[in-house]
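The values are calculated or read from the model by the stated rules, or taken from the named source; none is laboratory data. Computed from a predicted model, the values in this text were never measured in an experiment. Virtual Cβ from ideal backbone geometry, glycine too; neighbours counted across all protein chains shown. Surface areas here come from the heavy atoms of the whole protein model, side chains and all, with no ligands, DNA or RNA. Shrake-Rupley method; radii C 1.70, N 1.55, O 1.52, S 1.80 Å.
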Amino acid sequence: FIESPDSPGRDYLVCRLHLNPEEEGSMLRTRQFKYVHFSMGERPEMLFDLEADPGEMHNLVEEQEYRGVLSEHRLLLRQWPANTNDDYLARFDIPEV
């Protein structure tokens, strides 16, 4: 993509965070939204609209109007291990769509 700025790029990207064997997280970033899932913690899921909230101050996980967006991002993250041999889902549950 960097070598070909006119190429369409990817629909999303996934990053992983390893704090220790029990505490891990995954972040899925689409063009407009950022979805984060942690293996534990007070807020195990976060969803941000990066166009409306670039500072990521308002977690949309509980907002009814974003249920479809949340489901879409959960599904993309659930599909990620099948495409990459990532074992995150085998160890930590992402809520069903």
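Data for the structure
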quantity: Within the range 9-57, tally of residues that are assigned to a loop (DSSP other than H, G, I, E, B) and closer than 24 Å to residue 96 by Cβ; calculated: 10
quantity: Search result, residues across the range 54-82 that are open to solvent by less than 40 Å² (accessible area, probe 1.4 Å) and touching a Leu at 6+ places or on another chain (Cβ under 8 Å); calculated: 60, 61, 69, 70, 73, 76, 77, 81
quantity: Of all residues in the range 26-47 being farther than 18 Å from residue 78 by Cα and open to solvent by less than 80 Å² (accessible area, probe 1.4 Å), the one that is modelled with the highest pLDDT; calculated: 32
